[in-house]
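A.B. asks: Pasting in a structure now, in structure tokens, and then I'll have a few things to ask.
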Amino acid sequence: QPPRPCEDYWWEWKHCRGLRHAFHHYYAHGELPACGRWREDYDACRAWESSRSAAAQVRPARPRGGSWVQRHAPVWALRSSPPPDWHRPLQPG
């Protein structure tokens, strides 16, 4: 049995192909999103519903984007504690 209803795969595919999502993904990553896997999963889910064959294998569900930290390295080194003079006023510039 598929891990999710087939409509979920359809809506994920529609979301992925949407103009707003494509624009945002292109702005953030410099490339258009790859939406083919959602369509393949939808087709496999429908094939499984119609024939219940083992050949129509639906891959396990996956999250949309994953963690931002996993995909991008931080720009600055993270501090473990604040600087020693954190309470002092800033120097006028």
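The values are calculated or read from the model by the stated rules, or taken from the named source; none is laboratory data. No experiment lies behind these values; they were computed from the predicted model shown. For neighbour counting, all protein chains shown are included, and Cβ atoms are generated from backbone atoms with ideal geometry for every residue, glycine included. Surface areas here come from the heavy atoms of the whole protein model, side chains and all, with no ligands, DNA or RNA. Shrake-Rupley method; radii C 1.70, N 1.55, O 1.52, S 1.80 Å.
A.B. asks: Report ³J(HN,Hα) in whole Hz for each residue of segment 13-22, in order, from the Karplus equation J = 6.51 cos²θ - 1.76 cosθ + 1.60 where θ = phi - 60°; Gly and Pro get x.
C.D. replies: 5, 5, 5, 5, 7, x, 5, 4, 5, 4
A.B. asks: How many Å² of accessible area per residue for segment 6-51, probe 1.4 Å?
C.D. replies: Accessible surface, normalised per residue, equals 71 Å².
A.B. asks: Could the peptides 3-12, 21-30 be put in order, highest first, of the mean number of other beta-carbon atoms found within 10 Å of their residues?
C.D. replies: Highest-to-lowest ranking by the protection proxy: 3-12, 21-30.
A.B. asks: State the extension gain, in nm to one decimal, for the chain segment bounded by Arg79 and Glu31, taking 0.36 nm per residue of separation less the distance between their alpha-carbons.
C.D. replies: 14.0 nm
A.B. asks: Computed over the Cα atoms, what is the radius of gyration of segment 6-51 divided by 2.2 N^0.38 Å, N being its residue count?
C.D. replies: For segment 6-51, the normalised Cα radius of gyration is 1.31.
A.B. asks: State the percentage of accessible surface on segment 6-51 attributable to carbon and sulfur atoms; use a 1.4 Å probe and exclude ligands, DNA and RNA.
C.D. replies: Answer for segment 6-51: carbon and sulfur cover 55 percent of the accessible area.
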